[in-house]
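Read the structure below first, then the notes.
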């Protein structure tokens, strides 16, 4: 007897997941080996390791979901060795909902807690069902990790999908001492309006537009006292004028805030034909002072607003239920106003990062995946012999084994 084909667009994520009644226990583990062209057996000045060739646990996430007529909750932990062994709260959300048809998403749901930031498609796509190893470069720059704390209103009526949320604006994983906290009283506001429809049994279309407006925070600096530093420059154990370096007292610099915003659009198609389901999808993002994961936009320090632009397009093709091949191209310009100084002149140049990802995988449906991905990266992060920006070799490949509970 032939297996029953999966429904198109079966990747379930909140708030559109249609969980069974009662408690549901789940989880998965992603074990990896990574090789990187930029790896070195050295330390950065900060003490961070520059070697990237290693085995690691990328994600180990047990989860518990509760679903009833008017209430629901989702709880998930994350354990990994990405930056040493660590365990963190990944998701903890409680909801009131109206869901009269138990086979469809709720017509309206009000959620309070820690949840994935509802912007675009990649941020709410479940890492368990995502085939590519990580989100696109722009998405990782805007949001180092998906979860944030806040309140969310969402609903599904027919093909229409809508989400409105307010969050602290300091997502988990941000290189900041305030991750998941709220350094400013003003909250980050988001909305997403979209659609999800199946016009034919073999075709599903979905997409939407998203917007974000929030406030960033610069902590300022503490006051410092005047001082004199002694350095024995000549090694003669005596004090001379040349050995003394004065440092003037500095007044405290107060904390300041700045504005950030983002807009985006996403579209995807799932089409079932003879080899299996073909998925074609893409997303576009435009922002200002949004980078918190790679180039760390802060107009208080730089004096200018940093403009960012990113997009990706991808395709995945099932091969007879047990195989998968895919390709994704993503582009990220972290600073559209970048200039390079050469011979006393300011010359515009591109800091854009281009990544082409090739993927192949084997799967036991709902149980395990073995995936290989090779990333071809082009950027302008290095300098050639005469100081002109040049490509920094940073291609990499990853082998991942994922087992699901």
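The values are calculated or read from the model by the stated rules, or taken from the named source; none is laboratory data. Every value quoted in this text rests on a predicted model; they were computed, and no experiment measured them. Cβ sites come from the backbone with ideal geometry, for glycine too, and all protein chains shown count toward neighbours.
Once the range 158-195 is narrowed to residues that are surrounded by fewer than 16 Cβ atoms within 10 Å (Cβ to Cβ) and more than 25 Å from residue 17 (Cα to Cα), the residue that is modelled with the lowest pLDDT is 175.
Entry remark, the range 32-74: residues being over 30 Å from residue 380 (Cα atoms) and within 21 Å of the chain's Cα centre (by Cα) number 7 in total. Among the residues of this structure, residue 121 counts as one that is surrounded by 20 or more Cβ atoms within 10 Å (Cβ to Cβ), in contact with a strand residue (DSSP E or B) (Cβ under 8 Å, 6 or more places away or on another chain) and in contact (Cβ under 8 Å) with a residue 24 or more places away in the chain. In this structure, does residue 134 turn out to be buried (at least 18 other Cβ atoms within 10 Å of the Cβ), assigned to a loop (DSSP other than H, G, I, E, B) and touching a helix residue (DSSP H, G or I) at 6+ places or on another chain (Cβ under 9 Å)? So residue 134 does not fit the description; no. Among all positions in the range 196-206, there is no residue which is under 15 Å from the mean Cα position of the chain (by Cα), under 30 Å from residue 357 (Cα atoms) and crowded, with 21+ Cβ neighbours inside 10 Å.
Residue count for the range 66-97 under the criterion of being farther than 19 Å from residue 150 by Cα and buried (at least 17 other Cβ atoms within 10 Å of the Cβ): the result is 3. When restricted to residues that are within 26 Å of residue 195 (Cβ to Cβ), under 20 Å from the mean Cα position of the chain (by Cα) and assigned to a strand (DSSP E or B), the range 75-131 contains 4.
Cβ-Cβ contacts under 6 Å between residues 6 or more apart (or on different chains), taken from a first residue in the range 214-225 that is loosely packed, with under 14 Cβ neighbours inside 10 Å to a second residue that is in a loop (DSSP other than H, G, I, E, B), are listed as 220/254; 220/255; 222/252; 223/251; 223/252; 225/249. So for the range 311-328 (the condition being in contact with a helix residue (DSSP H, G or I) (Cβ under 6 Å, 6 or more places away or on another chain) and modelled with pLDDT of 95 or more), does at least one residue qualify? No, the conditions are met nowhere in the range 311-328. How many of the residues making up the range 140-151 are touching a strand residue (DSSP E or B) at 6+ places or on another chain (Cβ under 7 Å) and either in a helix (DSSP H, G or I) or surrounded by fewer than 18 Cβ atoms within 10 Å (Cβ to Cβ) (or both)? Matching residues across the range 140-151 total 3. When residue 245 is tested against (1) within 22 Å of residue 352 (Cα to Cα); (2) surrounded by fewer than 16 Cβ atoms within 10 Å (Cβ to Cβ), just one condition goes unmet, and that condition is (1).
Here residue 374 meets each of (1) modelled with pLDDT under 95; (2) under 22 Å from the mean Cα position of the chain (by Cα) with one exception, condition (1). Take residue 173 and decide whether it is over 15 Å from residue 259 (Cα atoms) and part of a loop (DSSP other than H, G, I, E, B). When the stated conditions are applied, residue 173 passes them. Residues that are exposed (fewer than 13 other Cβ atoms within 10 Å of the Cβ) and in a strand (DSSP E or B) within the range 359-402 comprise 364, 383, listed in sequence order.
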